1. When you go through (1) under 17 Å from Arg90 (Cβ atoms); (2) surrounded by 18 or more Cβ atoms within 10 Å (Cβ to Cβ) one by one for Leu246, which number turns out not to apply?
2. Going by the conditions given, is Ile223 among the hydrophobic types (A, V, I, L, M, F, W, C), assigned to a loop (DSSP other than H, G, I, E, B), at pLDDT 70 or above and surrounded by 13 or more Cβ atoms within 10 Å (Cβ to Cβ)?
3. Go over the candidates Leu112, Leu135, Leu144, Leu119 one by one and state the one that is modelled with pLDDT of 90 or more and hydrophobic (A, V, I, L, M, F, W, C).
4. I'd like to check something: does region 143-152 contain any residue that is in a helix (DSSP H, G or I), in contact (Cβ under 8 Å) with a residue 60 or more places away in the chain, surrounded by 20 or more Cβ atoms within 10 Å (Cβ to Cβ) and more than 29 Å from the chain's Cα centre (by Cα)?
5. Can you name the condition, by its number, that Ile171 falls short on among (1) at pLDDT 90 or above; (2) in a loop (DSSP other than H, G, I, E, B)?
6. Against the definition (at pLDDT below 90, exposed (fewer than 15 other Cβ atoms within 10 Å of the Cβ) and under 13 Å from Trp372 (Cβ atoms)), how does Glu339 come out, yes or no?
7. When you look at Tyr202, is it crowded, with 19+ Cβ neighbours inside 10 Å and not aliphatic (A, V, I, L, M), yes or no?
8. Limited to region 50-81, what total is found for residues that are at positive phi and in contact (Cβ under 8 Å) with a residue 40 or more places away in the chain?
Amino acid sequence: MKVDGLFIYAATVCRFLNESGLADDPNDRLAMIFNNEMGADSPQENLDRLYVEILSVGLRGNKHKVEIFKYIIGSIVVLHHQLSPRVLARLVYPTVKDSETQEQWAKVSNCLGRLHSFLEIPEDSEDDQSPIQLLHLSFKDFLLDDGRYDGDFHIDEKKAHSGVFERCIEIMQYYLRRKNICQLEHVATRAHEVQATQLDQYLPEHAQYACCHWMYHLEKSDICNEDAILDFLRTCFTHWVEAMSLMRKTAEGIPMLDALRIYTSQETVYASALPFAPRKSLVRQHTSVAEQWDTLLHMLHDDGVIFCCCDFSPSGNYMASGSQYGTIHLWNTSTWKCERVLEGHKGTMQVLTFVAETLLASTSSDNTIRLWYLDTGLWKMAPKSLAKVTSRPDPISISTTLRQKDYPRILMSAPIANCAFPLTAH
């Protein structure tokens, strides 16, 4: 009566009773099946009740395990094509450390170990690349269709696609972070000359999946944030084209670029493709391209602030800039973010000079020279010769004067980046 003509119901029960990854007794499982109430309307309801009962064994009441189940199984049911357990583990839990790889594999293995009733799972072997297979599509429909089931085990399809897309981007940003991905000896090497073993060494199967199907998951997700996509295009686009060529998937990559128009402006797509366009093509003819690289590397600005002078630290790691308000901005040249604003001068900044990596001298129209200790709060006795400089002193003369003598350090309780003292001899 419970089977009601559905072979998948009987097959699922048999596999559930045979399941070795569950802790309870098979007799208890059989009793659970017999005690399961029949649906009033259709055989599908009976099948759905069976799915809920089986999943509840070992999962219900444990929110952490349920979330892991939804994350891993959600990825399986939305994949473009099925992967082996080991490749799946590296896709859903990207990592570069062997210790972490084993830890993440344990999560996937433990989750899959309770799902032989629904999945055909190959033996746990590094050499076995057989993919995981759904035994019946009704299980996928049960998990994804909120009109059919919306309980604890329901999986949001768009959210699952979003998760896989984000992992794909993360994987590509790691494996495509450098040119010449496969470390080819000759630039003129053709794609068909690259051996499969060499490709798999530098671009493993989960990375190949990410390169080929990130757009598939993006289109089916609810992601509308352009920033992540633009960041990927800026950092990895040309290397992604190289990877698609090495996999001989260039033809598949063209529709992916066309689909990007939905998520990015056409200008971004054209600009990304411009280096590959022939000189006499319409794209190049209607797009202005500079003959040389622009000498401007970076532009710094702060709303309403006019910068009057600047200087780089000896290591080049920092740049100090002085404003018309008497403030000094300290910029990190790796990130070009302002890390500190020094306040003390009352007039427009005139000269800044790094005397040492953590010692900064400054002058302004308030007729003072200030020495800034940027890290420790220690200060040196200032030389009297500094009082003899002109109203617009030369930064080289200031720094040279300070370096010529070894002035004793005097400890004082002062906060970091405080002015050691102003000199008012003008």
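1. (1)
2. Numbers: among the hydrophobic types (A, V, I, L, M, F, W, C): yes; assigned to a loop (DSSP other than H, G, I, E, B): yes; at pLDDT 70 or above: yes; surrounded by 13 or more Cβ atoms within 10 Å (Cβ to Cβ): yes.
When the stated conditions are applied, Ile223 passes them.
3. Numbers: Leu112 fails: modelled with pLDDT of 90 or more; Leu135 fails: modelled with pLDDT of 90 or more; Leu119 fails: modelled with pLDDT of 90 or more.
Leu144 is the lone residue from the list that is modelled with pLDDT of 90 or more and hydrophobic (A, V, I, L, M, F, W, C).
4. As a first pass, look at region 143-152 and keep what is in a helix (DSSP H, G or I): 143-144.
Then drop every residue that is not in contact (Cβ under 8 Å) with a residue 60 or more places away in the chain, which leaves 143-144.
Keeping just the survivors that are surrounded by 20 or more Cβ atoms within 10 Å (Cβ to Cβ) gives 143.
Adding the requirement that they be more than 29 Å from the chain's Cα centre (by Cα) leaves none.
No: region 143-152 contains no residue that is in a helix (DSSP H, G or I), in contact (Cβ under 8 Å) with a residue 60 or more places away in the chain, surrounded by 20 or more Cβ atoms within 10 Å (Cβ to Cβ) and more than 29 Å from the chain's Cα centre (by Cα).
5. Result: Ile171 passes all but (2).
6. Numbers: at pLDDT below 90: yes; exposed (fewer than 15 other Cβ atoms within 10 Å of the Cβ): yes; under 13 Å from Trp372 (Cβ atoms): no.
It is false that Glu339 is at pLDDT below 90, exposed (fewer than 15 other Cβ atoms within 10 Å of the Cβ) and under 13 Å from Trp372 (Cβ atoms).
7. When the stated conditions are applied, Tyr202 does not pass them.
8. The initial filter retains those residues of region 50-81 that are at positive phi, namely 58, 61.
Applying the additional criterion that residues be in contact (Cβ under 8 Å) with a residue 40 or more places away in the chain yields 58.
Summing the residues that are at positive phi and in contact (Cβ under 8 Å) with a residue 40 or more places away in the chain in region 50-81 gives 1.
The values are calculated or read from the model by the stated rules, or taken from the named source; none is laboratory data. Only a predicted model underlies this, so the values are computations on that prediction, with no experimental measurement involved. Every residue, glycine as well, gets a Cβ built from its backbone with ideal geometry; the counts of neighbours run over all protein chains shown.
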